[in-house]
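Read the structure below first, then the notes.
The values are calculated or read from the model by the stated rules, or taken from the named source; none is laboratory data. Bear in mind the structure is a predicted one, so any value in this text is a computation, not a measurement. Cβ coordinates were reconstructed from backbone atoms using ideal geometry, including for glycine residues, and neighbour counts include every protein chain displayed.
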Ligand code: SF4
C-alpha cells in the first residue's frame, strides 16, 4: 500500500456528469500527487488554445501525496488550471482542512471541466457525487456562502463539510480572483477564481470520511515525533519582535543573510508570516511605493507594521491540518478605525506589504479591514495591491485624471481613497471595473506601462529581486510567472539541499553581491530550489516546512515511509524536475513564449535607486542567469523550451501517453 487513493474524480459541468477514474501506479511514481498529478492531467487533457474561461479549461483540486499520513506540514491543497491572467499554467495553494477532505472522499484529485448554465456547487461525501443548485449562494461573499452551506447541510452530512468557494470577484470573473476556504484563507494566484466563476461553480463541498492510506504509518509518526521534539526546544522570550525592524536594517547592509531553518520555524510559530514585514521594509526585501524606493522614515514604517502589534490582538492560533507550527491566527478587530468586522484571520505578510508600504499607507487598521474584505470577496491581495499602486502612481504623474477615476483623487498613503478604490474593484464599478483584471490590462487601457509591475501578466509577490537576484530568476523562469514561493537565494542556505541532492551546490550563506554574477553554481541553486519546491508541492507540503531545511522536515524519509519506497534524494529531486518540465511544456503547448516573461525595468534596477539598502543595484546579469537556469534544466537556453532529450530523459514522452 502507498499513500495514494489511486483514484481521481472527473466532473463535466456541461453534461452534468461525473466519472471516477483509476490512475496507474507509474503516474504516481513519476509525479506523486498534488501539483504533479495536476501537471500530468492538465498537460494531457487541456487542448492547445483552450479558452481559459471556456468549457475546455479544467479546474483541478488536489491533495498531496503525504496528506493524511501523519506527516507534519502536509495539509496544503493546490488548485490548477490554464490561467486567464497569463494564458499559460496557473496554480495557487492554500492550507486549512480542504486537502484531507479530498482524500477522505476517496480521491487524490478532482478535475472539473465544462460550464454550467446556472450556478451550482459540487457535493461529494465519499459515497455520492452530486451537482447541486447554488442559486441561493450566488452573490454571497465567500465567508457568508461557506456559513450558509454549513447551516443548510448541518445534520445532513456525516461530518461537517469542507468548502472551497468563490466570492463576488470570482463570480464577476475578475482575472485576479482566487478560491477561499475556512472563512478567510485563499488560494489567490493565477486567476483561479475567475475560472471557477466562468464554470458557474460557486463551491466544492466535501464531506467524506474514508480512511487515509499509508504504507508505514508508524514510521511516519516517528518522524513527526522527532520533528515535534525539535520544535519544542525552540523557545525564546516573548516580545522579541520589537527588534525585528532593527535586525532588517542590519541585514540590509550585510553581504550575507544568515538564515537558519530552526529560526525560520520559530518566527512562523511566534508571529506568522507577518514576522517578515518590518524586516523586509528595512532590509530591502519588501517593495515600497510601487517598488520605487525607500522613504527616509523607513524605520517609522517598520514600527507601524511590527508583528508585536498584531500579536497583541490575536485571540487564537490557527493551524492547518497536521501542522505543529500554526502560523495563522484569529484577530479581534472590533471597533478599530475603518473596520466593519469583528474578527479576521491574521493578515499574511504579502497582504500587509501590498496594502501598506507598497502604497505608503500607514494605517495597520485599514490592513485588517482590507484583509477581511478581500478574502471574503476572493480577490488576490498581491495583484490588487500592485494594481492600486500603479493607479496611484499614474494619478500622481497625471496619466490618470479625476475624470477617469470617477472623481477619486489617488495619492500615496491616502487610506480612504485606497479603501474606496478597492470597493469599486470588487463591485466592478466604473474605474474599479476597468482595473479589476490586474495591472497589465489596466495599463494597456490607460497607459503608464512603466509603472505596471507584472511578469507575463501576473503581479509579483512582495519580494524584491534587487535584494535577491535568484528570486528574480524564479519570477521569470517559473511557468506561473511572478510567484514568490518557488525559491529565494536567502532561503537556500537554510534548506541544505546539498545534503539530499548530489548536484545541488553546497549550502553556503547567501552572498548577495556574488550572486549578482551569472554562474553555473547559481544556475544549479535556482534549479535545486525549483525542483525541491515542485517535489514539496507533489507531496502537499507547506513552503514553511521546506524553509526549515531537510534536517528538520525530512521529506525524503517521510515519502519513503509513506509509499514503501527506498529512493534517495536525487531520485526525488528528479520527480520535482519532471513536474516543473511538464508545467513548462504546458505553457509551450498553449502558445506561451517563456522568453516573453520579463522583469519590469524598475525591478531590474534600471535606473538604480539613489538611496536605501538597494542603492545602486542593477541586475545586469539577469537575462544570462535565466538562460543558465534553463540550461541547467535541459531546456533551450534561448527559448526556454524543454529539449527533446530532456523530455526523454525524464520519461515525459512515455508518461504523457498513459491514458485513463
Ligand atoms: S506553517 Fe502555517 S501555512 Fe504552513 S501548514 Fe502550518 S499553519 Fe499552515
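Determine whether residue 205 is buried (at least 19 other Cβ atoms within 10 Å of the Cβ) and under 17 Å from residue 76 (Cα atoms). Yes, satisfied. Starting from residues that are touching a helix residue (DSSP H, G or I) at 6+ places or on another chain (Cβ under 6 Å) and more than 19 Å from residue 175 (Cβ to Cβ), keep the ones in region 38-60 and report whichever is surrounded by the most Cβ atoms within 10 Å (Cβ to Cβ). Among those that are touching a helix residue (DSSP H, G or I) at 6+ places or on another chain (Cβ under 6 Å) and more than 19 Å from residue 175 (Cβ to Cβ), it is 39. Look at (1) at pLDDT 85 or above; (2) surrounded by 21 or more Cβ atoms within 10 Å (Cβ to Cβ) and you find that residue 289 fails only one, number (2).
Output yes when any residue across region 333-349 is within 16 Å of the ligand (Cβ to nearest atom) and free of Cβ contacts under 8 Å to residues at least 60 places away in the same chain, and no when none is. For region 333-349, residues within 16 Å of the ligand (Cβ to nearest atom) and free of Cβ contacts under 8 Å to residues at least 60 places away in the same chain: absent. Just wondering, is there one or more residues in region 62-69 that are at pLDDT 95 or above and out of contact with any helix residue (DSSP H, G or I) (no Cβ under 8 Å at 6 or more places or on another chain)? No, there is no match, as no residue in region 62-69 is at pLDDT 95 or above and out of contact with any helix residue (DSSP H, G or I) (no Cβ under 8 Å at 6 or more places or on another chain). Taking each residue of region 543-556 that is more than 18 Å from residue 530 (Cβ to Cβ) and away from the ligand (no atom under 14 Å from the Cβ) and looking for partners that are outside any helix (DSSP H, G or I) and modelled with pLDDT under 95 with beta-carbon atoms closer than 9 Å, six or more apart or interchain, yields 551/496.
Say whether the condition of being in contact with a strand residue (DSSP E or B) (Cβ under 6 Å, 6 or more places away or on another chain) and either in a loop (DSSP other than H, G, I, E, B) or within 25 Å of residue 600 (Cα to Cα) (or both) is met by at least one residue in region 414-425. Can you show your working first?
Taking region 414-425 as the starting set, the residues that turn out to be in contact with a strand residue (DSSP E or B) (Cβ under 6 Å, 6 or more places away or on another chain) are none.
No: region 414-425 contains no residue that is in contact with a strand residue (DSSP E or B) (Cβ under 6 Å, 6 or more places away or on another chain) and either in a loop (DSSP other than H, G, I, E, B) or within 25 Å of residue 600 (Cα to Cα) (or both).
Comparison of 47, 55 shows that the only residue that is closer than 25 Å to residue 458 by Cα, without any contact (Cβ under 8 Å) to a residue 40 or more places away in the chain and assigned to a loop (DSSP other than H, G, I, E, B) is 47.
Condition first: within 14 Å of the ligand (Cβ to nearest atom), in contact with a helix residue (DSSP H, G or I) (Cβ under 8 Å, 6 or more places away or on another chain), more than 19 Å from residue 345 (Cα to Cα) and outside any strand (DSSP E or B). Now tell me which residues in region 74-105 satisfy that. The one that is within 14 Å of the ligand (Cβ to nearest atom), in contact with a helix residue (DSSP H, G or I) (Cβ under 8 Å, 6 or more places away or on another chain), more than 19 Å from residue 345 (Cα to Cα) and outside any strand (DSSP E or B): 74.
Report yes if residue 299 is more than 16 Å from the ligand (Cβ to nearest atom) and assigned to a helix (DSSP H, G or I), otherwise no. Before the answer, list the steps.
Working: more than 16 Å from the ligand (Cβ to nearest atom): yes; assigned to a helix (DSSP H, G or I): yes.
So residue 299 passes the test.
Would you call residue 42 more than 19 Å from residue 177 (Cβ to Cβ) and modelled with pLDDT of 95 or more? Considered against the rule, which asks whether it is more than 19 Å from residue 177 (Cβ to Cβ) and modelled with pLDDT of 95 or more, residue 42 comes out as yes.
Could you say which residue among 570, 566 is touching a residue at least 60 places away in the same chain (Cβ under 8 Å), surrounded by fewer than 22 Cβ atoms within 10 Å (Cβ to Cβ) and either more than 16 Å from the ligand (Cβ to nearest atom) or not in a loop (DSSP other than H, G, I, E, B) (or both)? Please lay out each step first, then the result.
Working: 566 fails: touching a residue at least 60 places away in the same chain (Cβ under 8 Å).
After applying the criteria, what remains is 570.
Taking the conditions exactly as written (over 30 Å from residue 396 (Cα atoms) and touching a strand residue (DSSP E or B) at 6+ places or on another chain (Cβ under 9 Å)), does residue 470 satisfy them or not? When the stated conditions are applied, residue 470 passes them.
Annotation: of all residues in region 627-660 being surrounded by 15 or more Cβ atoms within 10 Å (Cβ to Cβ) and at positive phi, the one that is farthest from the chain's Cα centre (by Cα) is 634.
Can residue 326 be described as within 28 Å of residue 552 (Cα to Cα), within 16 Å of the ligand (Cβ to nearest atom) and surrounded by fewer than 23 Cβ atoms within 10 Å (Cβ to Cβ)?
On the way: within 28 Å of residue 552 (Cα to Cα): yes; within 16 Å of the ligand (Cβ to nearest atom): yes; surrounded by fewer than 23 Cβ atoms within 10 Å (Cβ to Cβ): yes.
The answer is yes for residue 326.
If you go through region 605-626 and keep only what is surrounded by fewer than 20 Cβ atoms within 10 Å (Cβ to Cβ) and assigned to a helix (DSSP H, G or I), you end up with 623, 624. With respect to the conditions (1) out of contact with any helix residue (DSSP H, G or I) (no Cβ under 7 Å at 6 or more places or on another chain); (2) assigned to a strand (DSSP E or B); (3) surrounded by 18 or more Cβ atoms within 10 Å (Cβ to Cβ), residue 294 lacks only one, and its number is (2).
Of the helices (runs of 4 or more DSSP H) contained entirely in region 447-539, those carrying at least 1 residues that are more than 23 Å from residue 277 (Cβ to Cβ) and in contact (Cβ under 8 Å) with a residue 40 or more places away in the chain fall at 469-477, 520-539.
Consider region 309-323 and keep the residues that are touching a residue at least 12 places away in the same chain (Cβ under 8 Å) and more than 9 Å from the ligand (Cβ to nearest atom). The one that is nearest to residue 271 (Cα to Cα) is 311.
Quick check on this structure: which one of 208, 228, 183 is in a loop (DSSP other than H, G, I, E, B) and modelled with pLDDT under 95? Unique residue meeting the criteria: 183. Filtering region 426-446 to residues that are at positive phi and either in contact with a strand residue (DSSP E or B) (Cβ under 9 Å, 6 or more places away or on another chain) or not in a loop (DSSP other than H, G, I, E, B) (or both) leaves 430, 438.
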